[in-house]
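A.B. asks: Below you'll find the structure I mean.
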Amino acid sequence: MSLDQGGRPLFLDAGETALVVEFGRIVDPAISDRVLALDAALAAAPPEGLRELVPTYRSLMIHYDPLQLDRATLVALVEERLAVPATRNRAATLWTLPCCYEPPHGEDLAEMAALLGLTAVEAAAIHAAALYRVYMYGFSPGFTYLGGLPEQIAISRRTKPRPPHESKAVLVGGGLSAIASFSMPTGWYVVGRTPERLYAPDRPNAFLFEPGDSLRFEPIDPATFAALDARAEAGEIVARRQAA
Amino acid sequence: MSAVLRLLSAGPGITVQDRGRHGFLRYGVTGAGPMDPFAHALANRALGNPAEAAAIEISLGGLELTSEGAPVTIALAGGDFQVMLDGQALPPAVVARLEPGASLKVRAGLAGVWSYLAVAGGLDLPYVLGSRATHTRTGMGGLKGRMLQVGDILPVGMATSEIATGRIVAPLLERPAESIRVLLGPQDDYFAPDQIAAFLAGPWTIAARGDRMACFLEGPKLSHNLGFNIPSDGVAMGAIQVPGEGLPIVLMADRQSTGGYPKIATVIGADLGRLAQARPGTPIAFRAVSHAEAVLARAEEQSFLSGAIPIEPLVRSLFSPEFLLGLNLVDGWVDARAPA
């Protein structure tokens, strides 16, 4: 089915308690903008019975209680909010995230670089020079999907997962970059590690980024990593933020 | 002294669950919560608790516990489990009072996979991101983010009123698994009409591999007409995703917040428990219903849960519990300590 990316979205049911508002079928910043604008418009004045909003690459999942908010009313409300030019309720932020690409942290950097015909130093420099967009979270708490990976290092995912990596791993695979807060096996390449905690339930900001934020990586050496890691584990936020 | 529950034995897969962790799916946080939301809410409501209070989700592994410090009123609801209180058999859906030192044993019975043990006042454990629900894969919530084990001590919250004991009368708990209602979508258009027909025709069987994350199905392999890679999008509980190899997987309470396979249909809320309680090997069929029918089924459950839950006093019987257990009777089990 084709879909007019700029036109009326599709309204899809995910059971009777979730409505998917789908703006397209591909990963694209303009589609993501529409998802995030609707997310912000609904969050700014949520109707009674709206439970939870989950923005993803190309759609917004709206969890709702159909006994408080019926589907037709919700669809009408979404269309009404879409008709008004979106104003985000939170200015997008530019984050600078420290990242150590050097051993022992960039475990798979050399392997990935070799597959791409680059040196590890070149691959790290390319990764660190780019400006990324936070598309969405998913998979596990704080697991952040980033768009904007340069073509030169846009590699497919592994055909078989590698053994579990450390927490706070910076990953590349499937044409994207990502940050994984938990240790787990992965089909992505581990190119570095950030000392920042992207999931910190003991901290007032349990999660730092909002979808739509921008992010760049700042290379640090292993000694700096160790120092910042200790501060982050003690509860400090070591990423830097500024208005985008 | 306030009351606690102490676990004297515990099989694998037993966790503390409240209604689930809401508001953080957008940050990748799984909702967790009960596999059978209706039974969980029923056990709580039978005690006068809020439906969302933290309770113990008992797996087929079963458990034995005792209360300490003060009497505790508990309720059980869910599958057809075997319940023994100080050697006396109780019905599987029941409200009972545990005196300090009492022995309560709950074991897998004739049918069902999960039983919920709620306590008057709820389990008083710390909130993590606004919820007491356990998610073991991320070590979040419940008791130290893990399954319960022998020796665990669970603090009980303050209960407010006198609570009637006896059998919980809830016809809605009778939920044979053979027909599971679904809403088609959100990606049913990734499947040709003959594949939708094959999905609805089945027959499907619950596979042996399955846990709080997903229920796996065996049956005809389904094919996609638009490929099986989609950009990851939100995943509701009950979403039926069809990966490349074609066998559907129903994503349950511990599912990941987002997923990247087309979802052919979603199990309606009122039938989540029906599916969760089906043991491996159970044949099931899916039946597509309208959104309105799904909402009606939900309204029926909510209406029942929001009223006073009928409790029927247990009566003394002339027969020994061993004799009655031998007959596999569902009703007529006794509480010898109840007044004649």
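A.B. asks: Which three semi-axes in whole Å describe the equivalent ellipsoid of region A:1-135, each the square root of 5 times a Cα gyration tensor eigenvalue, listed largest first?
C.D. replies: 39, 16, 15
A.B. asks: Mind running the shape call on region B:179-302? Use the C-alpha gyration tensor, a ≥ b ≥ c as the square roots of the eigenvalues: rounded below 1.5 for a/c, prolate if a/b tops b/c, oblate otherwise.
C.D. replies: The shape class here is rounded.
A.B. asks: Determine the shape class of region B:241-320: with a ≥ b ≥ c the square roots of the Cα gyration tensor eigenvalues, call it rounded for a/c under 1.5, and otherwise prolate if a/b is greater than b/c, oblate otherwise.
C.D. replies: Taking the square roots of the gyration eigenvalues as a ≥ b ≥ c, region B:241-320 is prolate.
A.B. asks: Got the relative contact order for region A:194-244 handy, in percent, Cα pairs under 8 Å and 6 or more residues apart?
C.D. replies: Reported as a whole number, the value is 50 percent.
A.B. asks: Then there's this: What is the pair-distance distribution P(r) of region A:116-244, computed from all Cα-Cα distances in 5 Å bins starting at 0, with each bin given as a whole percent?
C.D. replies: That works out to 2, 10, 20, 25, 22, 14, 5, 1, 0, in percent per bin.
A.B. asks: For chain A, what's the relative contact order in percent, using C-alpha pairs closer than 8 Å and at least 6 residues apart?
C.D. replies: Dividing the mean separation by the residue count of chain A yields 20 percent.
A.B. asks: Could you give me the radius of gyration and the Dmax of the protein assembly as shown, taking only the C-alpha atoms into account and expressing both in angstrom?
C.D. replies: Spelled out, the Cα radius of gyration and Dmax of the protein assembly as shown are 25.5, 85 Å.
A.B. asks: If you don't mind, there's one more thing I want to ask. Can you return the lysines within cross-link range of B:Lys263? Criterion is Cα-Cα under 27 Å, with same-chain partners fewer than 8 residues away left out.
C.D. replies: Within the straight-line limit of under 27 Å, B:Lys263 reaches these lysines: A:Lys160, B:Lys221.
A.B. asks: Using mean Cβ contacts within 10 Å as the protection proxy, how do B:12-20, A:104-112, B:230-238, B:157-165 order, highest first?
C.D. replies: In decreasing order of mean packing, B:12-20, A:104-112, B:230-238, B:157-165 become B:230-238, B:12-20, A:104-112, B:157-165.
A.B. asks: Please enumerate, by chain and number, the aspartates and glutamates with C-alpha under 16 Å from the C-alpha of B:Lys105, excluding those fewer than 8 residues away in the same chain.
C.D. replies: Within reach: B:Glu57, B:Glu64, B:Glu68, B:Asp80, B:Asp86, B:Asp152, B:Glu322, B:Asp335.
A.B. asks: Here's something else I'd like to know. Taking 20 Å² as the minimum loss, tell me which residues in region A:139-155 lose that much accessible area going from the chain by itself to the full protein complex (1.4 Å probe).
C.D. replies: A:Phe139, A:Pro141
A.B. asks: Another question, then. Identify, among B:Asn225, B:His291, B:Gln241, the residue whose Cα sits farthest towards the positive end of the charge dipole of region B:179-302, taking +1 on the Cβ of Lys and Arg and -1 on the Cβ of Asp and Glu, with the dipole about the Cα centre.
C.D. replies: Toward the positive end, the furthest listed residue is B:Gln241.
A.B. asks: Report, by chain and number, residues whose modeled amide H sits under 5 Å from the one on B:Val113, excluding near sequence neighbours (fewer than 5 apart, same chain).
C.D. replies: Residues meeting the amide H criterion: B:Gly79.
A.B. asks: Compute, for region B:222-325, the length of the dipole vector about the Cα centre, with Cβ point charges of +1 (Lys, Arg) and -1 (Asp, Glu) only. Units Debye, rounded to 20.
C.D. replies: Result for region B:222-325 is approximately 80 debye, rounded to the nearest 20.
A.B. asks: In region B:193-268, which trypsin sites (Lys or Arg not before Pro) fall in coil by DSSP and have 13 or fewer other Cβ atoms within 10 Å?
C.D. replies: Those satisfying the criteria are B:Lys221.
A.B. asks: Now for a separate question. Using a Gaussian network for chain B with springs between C-alpha atoms less than 10 Å apart, which of these wobbles most: B:Ala111, B:Ala120, B:Ala133?
C.D. replies: B:Ala111
A.B. asks: On to the next question. When chain B is treated as a GNM, springs tying every alpha-carbon pair under 10 Å, which of B:Asp36, B:Asp188, B:Asp80 comes out with the largest mean-square fluctuation?
C.D. replies: Of B:Asp36, B:Asp188, B:Asp80, the most mobile in the Gaussian network model is B:Asp188.
A.B. asks: Debye calculation, C-alpha points only, no solvent: report log10 I(q)/I(0) for region A:94-133 at q = 0.23, 0.24, 0.32, 0.33 Å⁻¹, in the same order as the q values.
C.D. replies: Once normalised to I(0) and log-transformed, intensities are -0.76, -0.81, -1.11, -1.14.
A.B. asks: Most mobile of B:Arg21, B:Arg298, B:Arg137 per a Gaussian network model of chain B (Cα springs, under 10 Å)?
C.D. replies: Looking only at B:Arg21, B:Arg298, B:Arg137, the largest GNM fluctuation is found for B:Arg137.
A.B. asks: So how strong a dipole does chain A carry about its Cα centre when Lys and Arg Cβ are +1 and Asp and Glu Cβ are -1, to the nearest 20 debye?
C.D. replies: It comes to approximately 180 debye.
A.B. asks: For region B:9-136, report the convex hull volume of the alpha-carbon atoms normalised per residue, in Å³, without decimals.
C.D. replies: For region B:9-136, the hull spanned by Cα atoms encloses 98 Å³ per residue.
A.B. asks: Along the positive direction of the dipole of region B:119-170 (beta-carbon charges: Lys, Arg +1; Asp, Glu -1; about the Cα centre), which of B:Ile168, B:Leu125, B:Met140 reaches farthest?
C.D. replies: Value computed over the given set: B:Met140.
A.B. asks: State whether region A:10-82 is rounded, prolate or oblate according to the following rule on the C-alpha gyration tensor (a ≥ b ≥ c being the square roots of its eigenvalues): a/c under 1.5 gives rounded; otherwise a/b larger than b/c gives prolate, and the remaining case gives oblate.
C.D. replies: Prolate is the answer for region A:10-82, as a/c is 1.5 or above and a/b outweighs b/c.
A.B. asks: Okay, moving on. Out of all Cα-Cα pairs in chain A, roughly what percent, to the nearest whole number, are more than 25 Å apart?
C.D. replies: Value for chain A (Cα pairs over 25 Å): 47 percent.
A.B. asks: By Kyte-Doolittle mean hydropathy of at least -1.0 and Cα axial length of at least 18 Å, which whole DSSP H helices of chain B are selected?
C.D. replies: B:291-306
A.B. asks: Report Rg(Cα)/(2.2 N^0.38 Å) for chain B, keeping two decimals.
C.D. replies: 1.01
A.B. asks: How large is the dipole of region A:67-173 about the Cα centre if only Lys and Arg carry +1 and Asp and Glu carry -1, each at its Cβ, rounded to the nearest 20 debye?
C.D. replies: With Lys and Arg at +1 and Asp and Glu at -1, about 280 debye.
A.B. asks: Taking only DSSP H segments of four or more residues, each worth -39500 (n - 2.57), what value at 222 nm results for the protein assembly as shown once the sum is divided by all its residues, to the nearest 500 deg cm²/dmol?
C.D. replies: Only helices count here, giving -5500 deg cm²/dmol.
A.B. asks: In Å², nearest 100, what accessible area do chains B and A bury in total when the solvent probe is 1.4 Å?
C.D. replies: 3300
The values are calculated or read from the model by the stated rules, or taken from the named source; none is laboratory data. Everything numeric in this text was worked out from a predicted model, so none of it was measured. A quick note on method: Cβ atoms are made from the backbone with ideal geometry, for glycine too, and the neighbour counts reach across all protein chains shown. Accessible surface areas use protein heavy atoms only, side chains included; no ligands, DNA or RNA. Shrake-Rupley method; radii C 1.70, N 1.55, O 1.52, S 1.80 Å.
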